[in-house]
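All remarks here apply to the structure that follows.
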Amino acid sequence: MSGATTAAQREPTDKEIRLVIAASSAGTIFEWYDFFIYGTLAGLIGAAFFPSDNETLEILLVWAGFAVGFGFRPLGAILFGFLGDRLGRKYTFLVTVTLMGIATAGVGLIPSAATIGLAAPLIVICLRILQGLALGGEYGGAAIYVAEHAPPEKRGFYTSFIQASVVGGFVLSIIVVIVCRALIPADDFAAWGWRIPFLLSIVLLGISLWMRLKLSESPVFQAMKEAGETSANPFKESIAYPGNGKRIFVALFGITGILTTIWYTAFFSGLSFLRGPMRVEEGVVEWMLLIAGSISMAFYLVVGKWSDRVGRKKPIIIGAVLSLVLLFPVFWGMGALANPGLNESARAAPVTIAGTGCEHDPFAEVQATACGRVLQDLTALGVPYDIDDAVASSEPGAGTLLVGDGAYDYNTLSDDDRRGTVQGWLEEQGYSFERQTPPLSSILGIIALLLVLGMLSALTYGSVAALLCEMFPAKIRYSSMSIPYHIGAGYLGGFLPLIAGYIVAMTGNAYSGLWYTIAVVGFGLLVAWWGIPDGPPKDFEDAHG
């Protein structure tokens, strides 16, 4: 993939390519497992490190910690991109996987906030920062390493294993949690057993290092190094290289912005939506995501191979358009199948709150007004509501919660059992807050809808590693593709659970967080249409002379 050095390269054998794909993919699975286990166990992590009387605040703090890790991915991309372009692909991603494994295991060793107070969440945040730095160097290294070993006509297919491995990390995190829940009593798992999946990362780190140490350096990098063509300052050259400004903009918004928001909506929003407002049993949710995620991995390989024939642009455009059309219907369908009683109750007995100070601050430990405290309770219970602005402007002290044909004065509530009383009022009008185990037919329907989300993710992600490698010159490829990828994935995608959760908390509508995804994908579609190269795939040197 480097015109001046192609002659110096030896074509890898089929056996070497299989080892390259296997080792790179396994390392990617383990590294993303380390990152995703935090999100998979979000509820227990919140109780251990971010305890609060405000359940909504507790989970938002967990997602804020999740986002912090993503926020440091661009810095990791700059640091490890520099090392990857200067020192080599292989040793750089050996460092990243080691850093990730150690940081993840560290989370499992931190005493809870009840034991060491504020130090606990601060240490968690520091370890999340280390994870984010490591992840900023991992994806670019693994993707480039595979791409630079692959023959051009199979580059999309071979690199699609890296994309599938990201889903594999999520699937592995769920498998480990399911096994631990099966072997450890529920109370013990909540108390200490949740730490085991984090500590397991040391074992996974050992396997990953063993596999990756067997690899040789990328032939493209070896040829550049022998010819003295490596970059002296990859970060500076990535900014100054002719035409890279446009390419980085397209990679950030037209490629990464689309793929990352769809990915996190498909898997993390699907997970939190079913476990949260739809109140489906956690074990059932984990099994559904495990099945859907495992099957979805094959979609990425199909799309990667397809892109070798039709080009990289077509799958991304199709996936983005379908996402804009299907996201809301898919989530509406999952809600109807997961908890039809909630939908029926919301129709038969709609909830309206009226009074003064009807404002809910999801980040407040204690709401300022009685109306705000009831809104906090409704949000925590996953009940949609409307605010009656006409009555809200009435005299101070007035406050009524209308549920169907029932009217309740919430100013009489004491803080001791406010949540229980509000829940009792709702139950009087037909609401049920029992954890749901949908019938088999509904479970199969939800899995099918999760597979639709997996298909949308595969269309927008399956060909991306090949596309990004082809967009940038070899000597600054690690830096040039990693920086926009991790800015997009770090901020547009990594903050998605926090932003979507905040929107839901502010509106009381479990589906309203999807508008964030719609906005990012809508803008990204315009950029992708304008900026992604048309036609059959081409190496950078072939496309740009």
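Structure above, values below:
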quantity	calculated
Mean separation of Cα contacts under 8 Å (6+ apart) over length of the range 343-428, as relative contact order %	34 percent
Cα-based reach from LYS236 at 13 Å (exclusive), listing aspartates and glutamates while leaving out same-chain residues under 8 positions away	ASP85
Zone residues, the range 472-509, relative to SER52, backbone N less than 16 Å from point 7 Å out along Cα-to-Cβ	497-508
Peptide ranges 66-76, 508-518, 17-27 listed from the most packed, as the mean C-beta count within 10 angstrom indicates	66-76, 17-27, 508-518
Between helix 514-531 and the chain: long-axis angle, C-alpha atoms, 0 to 90°, nearest 10	20 degrees
Ranked LYS225, LYS236, criterion: other C-beta atoms within 10 Å, fewest first	LYS236, LYS225
Virtual spin-label span in nm between ILE125 and LYS246, 7 Å along Cα→Cβ	4.2 nm
The chain: relative contact order in percent, alpha carbon pairs under 8 Å with at least 6 residues between	27 percent
Sequence-distant lysines (8 or more away, or on other chains) whose Cα lies within less than 22 Å of LYS305	LYS15, LYS154, LYS313, LYS314, LYS538
Full-extension gain in nm, ALA22 to ILE318, via 0.36 nm per residue minus C-alpha separation	103.6 nm
Angle in degrees between helix 477-487 and the longest Cα principal axis of the chain, rounded to the nearest 10	10 degrees
Residues LEU183, LEU378, sorted so that the one with the fewest Cβ neighbours within 10 Å comes first	LEU183, LEU378
Scattering curve values for the range 343-428, log₁₀ I(q)/I(0), Debye with Cα scatterers, q = 0.13, 0.21 Å⁻¹	-0.36, -0.99
Full-extension gain in nm, VAL325 to THR437, via 0.36 nm per residue minus C-alpha separation	37.4 nm
Radius ratio Rg over Rh of the range 47-99, counting only Cα atoms, Kirkwood formula for Rh	1.25
CYS371, CYS358, CYS180, CYS469 arranged by Cβ crowding within 10 Å, fewest neighbours leading	CYS180, CYS358, CYS371, CYS469
C-alpha long axis of helix 496-507 to longest principal axis of the chain, angle in °	20 degrees
Cys with no candidate disulfide partner in the chain (beta-carbon separation under 4.7 Å rule)	CYS126, CYS180, CYS469
Residue-span extension gain [THR115 to ILE196] - 0.36 nm each, minus C-alpha spacing	27.3 nm
Zone residues, the range 344-382, relative to ASP405, backbone N less than 20 Å from point 7 Å out along Cα-to-Cβ	344-353
Estimated 222 nm signal from helices in the chain, with DSSP H stretches of n ≥ 4 weighted -39500 (n - 2.57), rounded to 500	-21500 deg cm²/dmol
Label of the coordinate-derived value, Rg and Dmax of the Cα atoms in Å, listed as [x] 24.5, 83; [y] 29.6, 107; [z] 26.0, 82	[x]
Descending Cα extents along the principal axes, the range 418-545, whole Å	73, 33, 24
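Only the coordinates and a few stated rules stand behind these numbers; no lab work does. Keep in mind it's a predicted model, so treat the numbers as computed, not measured. In this analysis, Cβ positions are derived from the backbone assuming ideal geometry, glycine residues included, and neighbour counts consider all displayed protein chains.
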